[in-house]
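These notes are about the structure you will find just below.
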Amino acid sequence: MREGQAKVLSEREFLRVINIVKKKAHSKRNIALLYCSFGLGLRAKEMASLNVHHVLGLDENLLEEINLDSTMTKGKKQRHVFLTNPKVIASFQDYLDDRKICEGILFNTESPLFRSQKGNSFSPNSLQQLFHRMYADAKIQGASSHSGRRSFATTLIEKGVDIKAVSTLMGHSSIAMTAKYVENNPVRLKQICTDLF
């Protein structure tokens, strides 16, 4: 990991965070946030700007594609992310089902997807602080709200997904930017050399 970059979490570390979060207040919301970060590669600003209608269709089913318009993204470029991973879908569904029960007829698709303890939308900064607390509770050092995004890119590259596709999913304007996100795994590098001939 280069100095100043958010830690890329292993699958084991990610599951440790999930297991700690399950025992805390607002567990369903926070688990959905973690899956949003790790499974969709969203920035804190993007997660903070999501409303329920961005992920839930008129038929009250989860959408397969989330449209992030230019006001929601860092580079002011529209981007689509795909809500197709079963674990991400399950975390969103669990969280939204819980909200529907708690809010009843007050459930509003125009409301923020991720609501703070006071019921308002998170600011990007307050969301970053929440991620910091979740990682601190799990005793994972060097992690930040960007860890999920870096882990998303690194995992895809390690699974053999081409860097151009990863760059598109990340919303980067260049492949060079995506390459900066990817963490080199010494075990993977050894395996590449071993399998050379």
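Counting other C-beta atoms within 10 Å, which of Val88, Val166 has the fewest, and how do the rest follow?
In increasing order of surrounding Cβ atoms, one gets Val88, Val166.
Pull up the cross-link candidates among the aspartates and glutamates for Lys24, meaning alpha carbon to alpha carbon under 12 Å and not fewer than 8 places away within one chain.
Qualifying aspartates and glutamates at Cα under 12 Å: Asp137.
Between the helical axis of 124-137 and the dominant principal axis of the chain, each derived from Cα atoms, what acute angle in degrees is found, rounded to the nearest 10?
Tilt of helix 124-137: around 70 degrees.
Could you give the size of the charge dipole of segment 11-149 about its Cα centre, using +1 on the Cβ of each K and R and -1 on the Cβ of each D and E, expressed in debye and rounded to the nearest 20?
Values: 21 positive and 14 negative charges, 153 e Å.
I would put it at about 740 debye.
Kindly rank 62-74, 39-51, 151-163 from highest to lowest mean number of other beta carbons found within 10 Å of each residue.
Descending mean neighbour count gives 39-51, 151-163, 62-74.
Read-outs: derived from the displayed coordinates by stated rules, not from any lab. All figures in this text were calculated on a predicted structure; none of them were measured in a lab. Because the Cβ atoms are built from the backbone with ideal geometry, glycine has one as well, and the counts that use them run over all protein chains shown.
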